[in-house]
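The values are calculated or read from the model by the stated rules, or taken from the named source; none is laboratory data. Given the structure is predicted, the values throughout are model-derived calculations rather than measurements. Note that each Cβ is placed from the backbone with ideal geometry, even for glycine, and that neighbours are counted across all protein chains shown. Surface areas here come from the heavy atoms of the whole protein model, side chains and all, with no ligands, DNA or RNA. Shrake-Rupley method; radii C 1.70, N 1.55, O 1.52, S 1.80 Å.
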Amino acid sequence: MAAKKRDSLRKILSGIVAAIAATPDRTSEQGASAAKASVVAEWPLPPSATLGSALRLKGIEREIRARLPWAVRKFARADTGRIVLRMLKTDADAFQAASETISRTLEGIETLAVLPREAEDILTISARERHKWLKDGRLKSIGTRTVKMRGRSKAVTFHVFDPRHIEDILDRDLASAWREEDAREASENRRRGAGKAALTRAGKRQRKARSARSSGKDDTPRLEGWDTFEAEGLLR
């Protein structure tokens, strides 16, 4: 009987120990939650900065990240109409320093030069049109930039553009007007080329006809014995 009571007491004690072990540590959970808590800062991006282009938005994000320490760059991102910085509370000092850097960078973000691909996306034009209009002066460059592309042995140099110039072309829909001008010019060039080709063919036919006439006497077949007949003067 005493043995049964000891076994029963042992089971009860084992259950209490198991229950205590299974109870979550509220203190540790609160500490982990505090460690995972984040702080967030946001900065608005005006339409005059992005010009309605997703590529331009990514370009601004790259420009901001380039100004930040390597370990902090991944915490800054560009979203529609804003820049967001989200970091852990435990990185408060780094968060403050990054916030100040982003604020300084965004002060002149509307004047950030437009890259070639960004200009194509904003104006909805092709690379061929960009090269043509840049060459004939309709699309004005404000200088060049040289960068070393990942995976390439040589650096790449390209033209960049004033965002206000690109915005003016967009607002006035000049790209469409230039495209129509190019189409008319191409049609006129084809017409002139076809006329020139026709004149060239006609000139060749005329020269060929004259050559045939001038060589006709020499190529006339002569009858056998005609030279002797003509020498005796029988036709005089």
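Hey, any hits in the stretch 128-136 for a residue that's closer than 27 Å to LYS74 by Cβ and loosely packed, with under 10 Cβ neighbours inside 10 Å? No, there is no match, as no residue in the stretch 128-136 is closer than 27 Å to LYS74 by Cβ and loosely packed, with under 10 Cβ neighbours inside 10 Å.
Checking ILE142, ILE166 one by one, the residue that is open to solvent by 90 Å² or more (accessible area, probe 1.4 Å), over 30 Å from ALA41 (Cα atoms) and β-branched (Val, Ile, Thr) is ILE142 and no other.
Among the residues of the stretch 172-188, which ones are more than 22 Å from the chain's Cα centre (by Cα) and open to solvent by less than 90 Å² (accessible area, probe 1.4 Å)? If the condition is that a residue be more than 22 Å from the chain's Cα centre (by Cα) and open to solvent by less than 90 Å² (accessible area, probe 1.4 Å), then ALA177, GLU181, ASP182, ALA183, ALA186, SER187, GLU188 are the ones that fit.
Residue-wise test of (1) modelled with pLDDT of 80 or more; (2) among the hydroxyl-bearing types (Ser, Thr, Tyr).
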residue: SER8; (1), (2): no, yes
residue: VAL17; (1), (2): no, no
residue: GLU29; (1), (2): no, no
residue: GLU42; (1), (2): yes, no
residue: SER48; (1), (2): yes, yes
residue: ARG82; (1), (2): yes, no
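The test for being over 21 Å from ILE122 (Cα atoms), within 16 Å of the chain's Cα centre (by Cα) and not in a helix (DSSP H, G or I) does not hold for ARG145. Counted as qualifying within the stretch 78-137 are the helices (runs of 4 or more DSSP H) with 3 or more residues that are over 21 Å from ASP173 (Cβ atoms), namely 92-106.
Among ASP173, ASP162, ASP168, which is the only one that is under 23 Å from LEU51 (Cβ atoms), in contact with a strand residue (DSSP E or B) (Cβ under 8 Å, 6 or more places away or on another chain) and of a type in the set (D, E, K, R)?
Details: ASP173 fails: in contact with a strand residue (DSSP E or B) (Cβ under 8 Å, 6 or more places away or on another chain); ASP168 fails: in contact with a strand residue (DSSP E or B) (Cβ under 8 Å, 6 or more places away or on another chain).
Result: ASP162 is the single residue among ASP173, ASP162, ASP168 that is under 23 Å from LEU51 (Cβ atoms), in contact with a strand residue (DSSP E or B) (Cβ under 8 Å, 6 or more places away or on another chain) and of a type in the set (D, E, K, R).
Taking each residue of the stretch 88-108 that is more than 15 Å from LEU45 (Cβ to Cβ) and looking for partners that are surrounded by fewer than 16 Cβ atoms within 10 Å (Cβ to Cβ) and β-branched (Val, Ile, Thr) with beta-carbon atoms closer than 8 Å, six or more apart or interchain, yields LEU88/VAL39; LYS89/VAL39; ALA92/VAL39; PHE95/VAL39. So for the stretch 49-64 (the condition being open to solvent by 40 Å² or more (accessible area, probe 1.4 Å), closer than 14 Å to GLU110 by Cα and not in a helix (DSSP H, G or I)), does at least one residue qualify? Yes, that holds for at least one residue.
So which pairs qualify, if the first residue must be in the stretch 118-136 and closer than 12 Å to ARG56 by Cα, the second must be assigned to a helix (DSSP H, G or I) and acidic (Asp, Glu), the Cβ gap must be under 9 Å, and the two must be at least 6 apart or on different chains? Short answer, once both residue conditions are applied: GLU120/GLU129; ILE122/GLU167; LEU123/GLU129.
When HIS159 is tested against (1) outside any strand (DSSP E or B); (2) in contact with a Ser or Thr (Cβ under 7 Å, 6 or more places away or on another chain); (3) open to solvent by 30 Å² or more (accessible area, probe 1.4 Å), exactly one condition is not met: (1).
Residue-wise test of (1) out of contact with any Gly (no Cβ under 6 Å at 6 or more places or on another chain); (2) farther than 30 Å from LEU57 by Cα; (3) at pLDDT 85 or above.
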{"site": "LYS148", "(1), (2), (3)": "yes, no, no"}
{"site": "ILE169", "(1), (2), (3)": "yes, no, yes"}
{"site": "ASP173", "(1), (2), (3)": "yes, no, yes"}
{"site": "ASP218", "(1), (2), (3)": "yes, yes, no"}
{"site": "ASP227", "(1), (2), (3)": "yes, yes, no"}
{"site": "ALA231", "(1), (2), (3)": "yes, yes, no"}
{"site": "LEU234", "(1), (2), (3)": "yes, yes, no"}
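Anything in the stretch 150-189 that is more than 20 Å from LEU112 (Cα to Cα) and among the aliphatic types (A, V, I, L, M)? List them, or say none. ALA155, LEU174, ALA175, ALA177, ALA183, ALA186 - these are the residues of the stretch 150-189 that are more than 20 Å from LEU112 (Cα to Cα) and among the aliphatic types (A, V, I, L, M).
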